[in-house]
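Student: Next up is a structure, given as structure tokens.
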Amino acid sequence: YLLTAAAVTLAALLITGGLRPDPLLESRARAHAEAEATGGEPPRPHAGLVAELAHGVRVIRQAPGASLAVASIAVGHMVMVMVMVMTPVHMQHVDVTLQVVGLVISVHILGMFAFSPLVGWLADRWGSLSVIALGVAVQALACLIAGSAPGDAVGQLGIGLFLLGLGWSGTLVGGSALLTVSVPE
């Protein structure tokens with residue numbers, strides 16, 4: 001818990017101190033400048049959460065590729081969560097120790113995050129759609145491997161959950177990259 005608290009605190013300090021200029025403020029300034037240049041209506045500051053969400057949904061609906069991006073993120077996350085949360089229950093039904101269950105979940109988390117830089121590089125190199133498709137294929141393979149494993153097949157479950165996390169990374173990073181290029185600033 002102390003290591004996690006320290007890591008989260010460090011991340012918050014880095015984001016607060018290092019994210020300059022603030023992307024939200026920069027985006028608002030550009031929107032105001034664009035509205036002035038075109039004679040359009042400038043965005044309303046602090047329109048409220050519901051108005052901001054409604055505006056975001058409109059932008060996503062109007063932008064080609066944005067709906068696919070959001071769907072890939074949501075479906076990839078849904079598949080990952082469904083399999084991940086059932087695995088410890090499946091393993092404990094055959095009295096696998098909590099330490100071994102923790103090891104399998106740790107391997108899963110490794111798959112989720114350890115290769116994110118590589119997945120991002122692949123999204124830049126191959127394109128977002130290719131990385132999303134690869135993520136979906138890896139998640140499907142993971143479901144076959146983990147879904148066919150007995151509760152005490154720790155190695156098979158570990159491989160399946162590692163691939164599940166890796167596929168999730170593909171759908172999340174690929175979907176996020178696609179969303180970024182699909183919507184206006």
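The values are calculated or read from the model by the stated rules, or taken from the named source; none is laboratory data. None of the values given here were measured: they were computed from a predicted structure. Note: ideal-geometry Cβ built from the backbone for every residue, glycine included; neighbour counts use all protein chains shown. Side chains included, ligands, DNA and RNA excluded: accessible areas come from the protein's heavy atoms. Shrake-Rupley method; radii C 1.70, N 1.55, O 1.52, S 1.80 Å.
Student: Confirm whether GLY76 is assigned to a helix (DSSP H, G or I) and either closer than 18 Å to VAL138 by Cα or acidic (Asp, Glu) (or both).
Tutor: Values: assigned to a helix (DSSP H, G or I): yes; either closer than 18 Å to VAL138 by Cα or acidic (Asp, Glu) (or both): yes.
In short, yes.
Student: Same structure again: Can you find a residue that is surrounded by 10 or more Cβ atoms within 10 Å (Cβ to Cβ) and either in a loop (DSSP other than H, G, I, E, B) or in contact with a helix residue (DSSP H, G or I) (Cβ under 8 Å, 6 or more places away or on another chain) (or both) anywhere in segment 15-28?
Tutor: yes
Student: Considering only segment 39-91, state which residues are open to solvent by 40 Å² or more (accessible area, probe 1.4 Å), more than 23 Å from the chain's Cα centre (by Cα) and in contact (Cβ under 8 Å) with a residue 40 or more places away in the chain.
Tutor: Result: HIS90, single match.
Student: Just to be sure I understand, how many residues within segment 29-51 are part of a helix (DSSP H, G or I) and farther than 15 Å from PRO184 by Cβ?
Tutor: Going through segment 29-51, the residues part of a helix (DSSP H, G or I) turn out to be 29-38, 49-51.
With the extra rule that they be farther than 15 Å from PRO184 by Cβ, the set shrinks to 36, 49-51.
Total meeting the criteria: 4.
Student: Same structure, new question: Could you pull out the residue among LEU178, LEU157, LEU164, LEU129 that is open to solvent by 80 Å² or more (accessible area, probe 1.4 Å) and either in a helix (DSSP H, G or I) or touching a Lys or Arg at 6+ places or on another chain (Cβ under 9 Å) (or both)? Don't jump to the end; show me each part of the working.
Tutor: Numbers: LEU178 fails: open to solvent by 80 Å² or more (accessible area, probe 1.4 Å); LEU157 fails: open to solvent by 80 Å² or more (accessible area, probe 1.4 Å); LEU164 fails: open to solvent by 80 Å² or more (accessible area, probe 1.4 Å).
After ruling out the rest, the residue left standing is LEU129.
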